[in-house]
Amino acid sequence: MMSLSVYSDDVAVGQAIAAHLALVTEAERQIDQLGLGMHDRLVIGQALGVLMERLDVAADQKVVDPAAGITRTRRLVDLES
C-alpha cells in the first residue's frame, strides 16, 4: 500500500509542476508578443517621423491619404494607431 501512496504523491507533484510550466510558458508567450508590439510601435513611430519630415507637416496636421484611393484627409497621428 505504501508504494501506491508514493506513486499518487509523485503524480500530484508532476501535475503541479506541469501546471506551473504551462503558466510560465503562457507568460513567456505574452512577454514575447508585448516585445514585438513595442518594436512594431517603434518602427511605426520612426516611419511617422520620416513622413512628417518629408511632407513637412506637424503630427496633428491633416494630410491627404493617397493609399486610400480616394481623397480624404487624416491626421498623421491617426495613421499611427
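The values are calculated or read from the model by the stated rules, or taken from the named source; none is laboratory data. On a predicted model such as this, the values are computed, not experimentally measured, just so you know. Ideal geometry is used to build each Cβ from the backbone, glycine not excepted, and the neighbour counts take in all protein chains shown. Side chains included, ligands, DNA and RNA excluded: accessible areas come from the protein's heavy atoms. Shrake-Rupley method; radii C 1.70, N 1.55, O 1.52, S 1.80 Å.
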Going through region 27-62 one residue at a time, which ones are surrounded by 12 or more Cβ atoms within 10 Å (Cβ to Cβ) and among the β-branched types (Val, Ile, Thr)?
Ile44, Val57
Quick count over region 1-21, residues being among the hydrophobic types (A, V, I, L, M, F, W, C), open to solvent by 100 Å² or more (accessible area, probe 1.4 Å) and modelled with pLDDT under 70, is 3
